[in-house]
Every structure is written in C-alpha cells, then in structure tokens.
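The values are calculated or read from the model by the stated rules, or taken from the named source; none is laboratory data. Note that the coordinates shown come from a computational prediction; the quantities given were computed from them, not determined experimentally. Using ideal geometry, Cβ is built from the backbone for each residue, glycine included, and neighbour counts are taken over all protein chains shown. The protein model used for the area step is the full one, side chains on, heavy atoms only, and it has no ligands, DNA or RNA in it. Shrake-Rupley method; radii C 1.70, N 1.55, O 1.52, S 1.80 Å.
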Amino acid sequence: MPRYFIDLHDGANLIRDRDGFDLPDLAAARAKAVRLLTRVAQGLTDPVQRQDYVIAVRDEQGAVRLRLRLSYDVETG
C-alpha cells in the first residue's frame, strides 16, 4: 500500500509529516487531507484579518501530488 505524507503550512510555519499514512490511492490521500483541513477550519478562533493554510500531499518519492488551500479572511465594514 502506498504511503502519503501530508504537510501543513499556516503561512508562517511548515509542519512536515515525517510518518505518513498508508493509503490505497491518491483519492484516499485526498480524502484524508480534506478531513485534516476541516479540523483546522473547526479550530479557527483567533480574530485575525487573514490566514491561509495549505496542505501538500507528497508521495513516497517526495513529489507533491496535490495541494489544498483554506483561506480565512475577516472583513469589517
């Protein structure tokens, strides 16, 4: 079973996945990344103006296979 690594970048810090996940295919890795990004979104409580999060899914060779982006933007008026 292939191993995928899911890294998170919050605009300032990179959290690199060193362990990875054994998943059957890229579709399963995408679903796992979506679940992780959803958990990030659920934890957003800071009243920042703008925050971007990017998840990169790498394969066993280190190639980025897909990216997901979440942007948190507060506009006042």
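Restricting attention to the range 22-71, which residues are modelled with pLDDT of 90 or more, farther than 16 Å from L8 by Cβ and assigned to a strand (DSSP E or B)? Listed by number, the list holds a single entry, D22. Counting only residues that are exposed (fewer than 14 other Cβ atoms within 10 Å of the Cβ), over 11 Å from the mean Cα position of the chain (by Cα), under 20 Å from F21 (Cα atoms) and of a type outside the set (D, E), the range 42-77 holds 4 of them.
Residues in the range 7-21 that are under 15 Å from Q61 (Cβ atoms) and outside any loop (DSSP other than H, G, I, E, B): D7 only. Close contacts from the range 1-27, counting a first residue that is in contact (Cβ under 8 Å) with a residue 24 or more places away in the chain and farther than 28 Å from Q49 by Cβ and a second that is open to solvent by 70 Å² or more (accessible area, probe 1.4 Å) and acidic (D, E), with Cβ to Cβ under 6 Å and a gap of 6+ residues or different chains, come to R3/D22; R3/E60.
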